[in-house]
Amino acid sequence: MQQINCPVCEIKIGSDNSIKIYTDKADNQNYKLYHCDNCDLEFWNPRKIAPDFYIDQAGGLYDIRHDIGFKEPPYWTNTFFVFFKKNNPNLNLRDLSLLDIGCGEGSFIKKVKTDFKKVSGIDFDKKSVFVGQQNNLDCQALSLSVAATEMKEKFDVFSFFEVLEHQEDVKGFFDNLKVLGNNNFFILGTMPNRNRITANLQHNTDTGDFPPHHFIWWSAQSLKFALEKYGFDNIVIETYGDLSLAYIASCLESMMLGSVTSKLKDKIKKIFTKKELKDYSNAMTVEELGKFGNDKKNDLILKILKFVKNLPFYLPAMLFKKNFERENANLYFEARYKKHLNG
Ligand SMILES: [Zn+2]
């Protein structure tokens with residue numbers, strides 16, 4: 001039997017021992033999911049990032065990123081304030097430089113610009129980076145591996161939010177950080193938590209967690225294993241998430257009625273969206289449309305309609321949530337690397 005290596009602990013797994021098979025409809029590619037009993041990682045094979053994949057993505061959230069950028073960084077970047085700043089009160093961020101990997105149009109570096117001496121970002125999505133540059137942010141369209149060979153500058157802190165699950169080569173990712181990092185450097189970021197209570201709900205309603213989007217399904221245990229293996233210390237791992245009743249109710253609604261109501265929902269949403277935003281209405285949630293300045297009256301109508309639509313699902317959502325003490329959609333991590341300790 002053919003064998004494949006776990007991308008983190010490198011132990012061999014028989015290629016017939018996959019636990020799930022997934023076919024990506026866009027290119028008819030078959031992917032197999034493996035579970036590593038040694039380090040608890042789950043990973044898909046084959047793993048191949050297409051650099052143009054995100055640039056060529058049309059529609060949905062990508063149009064927003066490529067045209068106007070998000071108003072606020074995604075909720076998981078709040079972990080910087082919730083955990084990193086609180087956990088490191090003696091760290092003088094004003095003396096440190098930050099590189100945000102997978103910066104998109106730079107909404108996070110814009111928000112923390114005044115916290116650090118200098119903030120920069122890289123992302124291989126040229127269109128998003130262009131939007132960031134238009135906003136006077138220091139971002140470049142580079143992959144991490146190209147940055148590691150071309151950038152002369154060294155950094156003190158690396159942030160990478162929702163990035164590690166996309167990697168084809170986990171070890172290579174951390175090797176590149178060590179090239180770009182100063183003698184002491186810090187990392188922080190987030191990723192989807194494989195053991196989140198909404199995993200099955202999400203897998204039934206969209207393909208975003210599958211390849212070629214996500215190649216690695218991390219758990220807290222496999223993440224800790226990886227960070228220790230790559231020489232990091234002061235490791236902190238926390239769960240974080242946005243598990244509101246409204247969110248669960250809307251997940252349940254799309255799971256039960258999604259195929260019936262989705263077209264109607266899109267139509268109604270478009271009617272109550274102001275002209276400048278109509279092109280994006282399908283890709284944005286009602287709340288996002290409000291943040292982007294949808295008219296007050298339309299905003300209220302959409303919010304009421306959404307609430308009424310999801311109302312029958314609030315009771316099952318409450319039962320669902322009752323069993324779980326803590327929101328756990330994402331894993332937050334932070335750690336330190338000391339070059340002199342690791343040669
Ligand atoms: Zn492993």
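Read-outs throughout are calculated quantities, based only on the coordinates presented, and are distinct from any laboratory measurement. Every value quoted in this text rests on a predicted model; they were computed, and no experiment measured them. Please note: Cβ atoms are built from the backbone with ideal geometry, for glycine as well, and neighbour counts cover all protein chains shown.
As a proxy for reagent exposure, ranking 139, 9, 103 by other Cβ atoms within 10 Å from fewest up yields 9, 139, 103. Take the chain, connect every pair of alpha-carbon atoms lying under 10 Å apart with a spring to form a Gaussian network, then pick out the residue of 170, 286, 308 with the largest mean-square fluctuation. Highest fluctuation of the listed residues: 308.
For the chain, the longest principal axis of the Cα atoms and the long axis of helix 245-271 meet at an angle of about 60 degrees. Put in line by how crowded their Cβ is, counting other Cβ atoms within 10 Å and starting with the fewest, 114, 239 read 114, 239.
With +1 on each Lys and Arg Cβ and -1 on each Asp and Glu Cβ, how big is the dipole of the chain about its Cα centre, in debye rounded to the nearest 20? It would help to have the intermediate numbers written out before the result.
Values: 46 positive and 44 negative charges, 194 e Å.
The calculated dipole for the chain is roughly 940 debye.
Projecting the Cα atoms of 342, 319, 98 onto the dipole axis of the chain, where Lys and Arg carry +1 and Asp and Glu carry -1 at the beta carbon, places 319 farthest toward the positive end. In the chain, the longest principal axis of the Cα atoms and the axis of helix 170-180 are about 70 degrees apart. In the chain, a dipole from Cβ-located charges (positive for Lys and Arg, negative for Asp and Glu) runs towards its positive end, and of 217, 41, 82 it is 82 whose Cα lies farthest in that direction.
Judged by a Cβ-Cβ distance under 4.7 Å, the unpaired cysteines of the chain are 103, 139, 251.
I'd like the antiparallel share, as a percent to the nearest 5, of DSSP beta bridges with both residues in the chain.
Values: 29 of 45 bridges.
Looking only at bridges with both residues in the chain, the antiparallel portion is about 65 percent.
Using the number of other C-beta atoms within 10 angstrom as an exposure proxy, rank 318, 284 with the fewest first. Present the calculation step by step, with values, prior to reporting the outcome.
Numbers: 318 12, 284 21.
If I rank by nearby Cβ atoms, fewest first, I get 318, 284.
About the Cα centre, and with charges only on the beta carbon of Lys, Arg (+1) and Asp, Glu (-1), how big is the dipole of the stretch 257-322? Nearest 20 debye, please. Each step should come with its number before you reach the end.
On the way: 16 positive and 7 negative charges, 35 e Å.
Dipole about the Cα centre, nearest 20: 160 debye.
For residue 87, what is the net charge nearby, where nearby means another residue's Cβ is under 15 Å from its Cβ and Lys, Arg count +1, Asp, Glu -1?
With Lys, Arg at +1 and Asp, Glu at -1, the net is -1.
Each distinct pair of alpha carbons in the stretch 257-322 adds a 1/r term; the inverse of their mean, the Kirkwood radius, is 12.7 Å. Extent along the principal axes, Cα only, for the chain: 61, 53, 40 Å, with the longest axis given first. Altogether, the Stokes-Einstein calculation at 4 °C and 1.567 mPa s, with the Kirkwood radius of the stretch 193-343 over Cα pairs as Rh, returns a diffusion coefficient of 71 µm²/s. Taking 319, 137, 277 in turn, the Gaussian network model of the chain (Cα-Cα springs below 10 Å) assigns the largest fluctuation to 319.
Charge dipole (Cα centre; +1 on Lys/Arg Cβ, -1 on Asp/Glu Cβ; no other charges) of the stretch 205-263 amounts to roughly 140 debye.
Ellipticity at 222 nm from helices only: DSSP H runs of n ≥ 4 in the chain, each -39500 (n - 2.57), divided by the residue count, give -10000 deg cm²/dmol.
Based on C-alpha pairs under 8 angstrom that are at least 6 apart in sequence, the stretch 109-164 has a relative contact order of 28 percent.
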